[in-house]
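S.K.: Sharing a structure with you now.
No value in this document is a laboratory result; all are computed from the given coordinates. All of these numbers come straight from a predicted model, not from anything done at the bench. Note: ideal-geometry Cβ built from the backbone for every residue, glycine included; neighbour counts use all protein chains shown.
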Amino acid sequence: MLSKRIIPCLDVRDGKTTKGIKFKENVDIGDPVEMARFYYEQGADEIVFYDITASSDRRDIMIDVVRRVAEEIFIPFSVGGGIRTIEDMRDVLLAGSEKISVNTEAINEPKIISQGAAAFGSQCIVLGMDVKRVDASKSIPSGYEMVIHGGRTHTGIDALFWAKEGERLGAGEICLNSIDADGTQKGYELTLTSLISENVNIPVIASGGAGNIDHMYDAFTQGKADAALIASIVHYGTYTIKEIKETLHTKGVKVRRTWE
């Protein structure tokens, strides 16, 4: 059995790590370079960096911040936000990232998934999915809709369909974020997480809603997730990465424990 991964997420706006609730009311909370190094030293398995306004502002990602983070950590590093072309992907990889997350542009131009997988390998391409719960309909039978531009634009695309399509096009992993749960610290959206995890053959990262370690345990057991994205509970010092991993270990979840 592969170890379950614990992945701190750095949402970055104007060069600062920021945190909001349901993609709203964001406040700046720190320097992304310092925070990435701190989580790396604590034993994080990966770091995710999202330039959260690059797509909506129609600008390029902040490569200088990506490069500075990559110089400080020696674990896999995924970057998303404002990536529109193969050249953008190449720039991010050359700056030190191991993975590229595509979300808005993948919806607009799905071929970027297959092009990226062909150019750099499926293991480098993460399909970012921002999902909102809606009434089930003929066009959205799962009751979960894909949204883009930080949750501000509805697409009319069913989330389960898009997860399968992303895998078919060559994505090597899915980062599944529930906007309804994001920042609430009330737990992951387990129905959504298990729906996607059980219907694709690539790893799924649960994202949105972690408030305590039991929530992560539930994501791994009930949600069938391969990894858990966390933000508020480590950004505000509620838990350390080591505390999270030790507790999950005692609950029978296989995790990487670097301090043994």
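S.K.: Kindly state, to the nearest 0.05, the FRET efficiency for ARG67 paired with THR258, given R0 = 22 Å and r defined as their beta-carbon distance. The partial results should precede the final answer.
M.R.: Working: r = 25 Å, r/R0 = 1.13.
Plugging the Cβ-Cβ distance into 1/(1 + (r/R0)^6) gives 0.35.
S.K.: Mind grabbing the base-10 log of I(q)/I(0) for the chain at q = 0.17 Å⁻¹? Debye formula, identical points on the C-alpha positions, no solvent, two decimal places.
M.R.: Normalising to I(0) and taking log10 leaves -1.40.
S.K.: What distance in nm lies between label points placed 7 Å from Cα along the C-beta direction at THR250 and ALA136?
M.R.: Taking the simple label geometry, THR250 and ALA136 are separated by 4.0 nm.
S.K.: Give the relative contact order (percent, whole number) for the range 114-198; include only Cα pairs under 8 Å separated by 6+ residues.
M.R.: Relative contact order comes out at 31 percent.
S.K.: Which distance in Å, rounded to a whole number, links the C-alpha centroids of the range 114-162 and the range 198-260?
M.R.: Each part reduced to its Cα centre gives a spacing of 23 Å.
S.K.: Considering only ASP180, ASP226, ASP214, give the residue with the highest GNM mean-square fluctuation for the chain, with springs between Cα atoms whenever their separation is below 10 Å.
M.R.: Answer for the Gaussian network model of the chain: ASP214.
S.K.: Relative contact order for the range 5-250 using alpha-carbon pairs under 8 Å, separation at least 6, rounded to a whole percent? Please report the intermediate quantities before stating the final value.
M.R.: Values: 551 pairs, mean separation 41.1, N = 246.
This gives 17 percent for the range 5-250.
S.K.: Give the cross-link partners of LYS251 among the aspartates and glutamates, using a straight C-alpha distance below 17 Å as the criterion and excluding same-chain residues fewer than 8 apart.
M.R.: Qualifying aspartates and glutamates at Cα under 17 Å: ASP214, ASP218, ASP226, GLU243.
S.K.: In deg cm²/dmol, rounded to 500, what helix-only [θ] at 222 nm does the chain give when every DSSP H run of at least 4 residues adds -39500 (n - 2.57) and the total is split over its residues?
M.R.: Details: 10 runs with 85 residues, N = 260.
Value at 222 nm, helices only: -9000 deg cm²/dmol.
S.K.: Now for a different question. Residues in the range 120-162 near a label at ARG168, defined as backbone nitrogen under 12 Å from the 7 Å Cα→Cβ point?
M.R.: In the range 120-162, the label zone of ARG168 (backbone N under 12 Å from the point 7 Å along Cα→Cβ) covers 161-162.
S.K.: Here is a further query. If I build a Gaussian network model for the chain, linking alpha-carbon pairs within less than 10 angstrom, which residue out of THR221, THR85, THR238 has the largest mean-square fluctuation?
M.R.: Greatest mean-square fluctuation among the candidates belongs to THR238.
S.K.: Which links in LYS164/LYS186; LYS138/LYS186; LYS164/LYS224; LYS99/LYS138; LYS164/LYS254 stretch past 25 Å when you go from one Cα to the other?
M.R.: Values: LYS164/LYS186 27 Å; LYS138/LYS186 30 Å; LYS164/LYS224 16 Å; LYS99/LYS138 34 Å; LYS164/LYS254 27 Å.
Long pairs (Cα-Cα over 25 Å): LYS164/LYS186; LYS138/LYS186; LYS99/LYS138; LYS164/LYS254.
S.K.: Then there's this: Picking from THR250, THR104, THR153, which is most flexible by a Gaussian network model of the chain using Cα springs under 10 Å?
M.R.: THR250
S.K.: Can you tell me how much longer the chain between ALA118 and LYS242 gets when fully stretched, taken as 0.36 nm per residue apart minus their C-alpha distance, in nm with one decimal? Working shown, then result.
M.R.: Working: separation 124, 0.36 × 124 = 44.64 nm, distance 3.69 nm.
Answer, rounded to one decimal: 41.0 nm.
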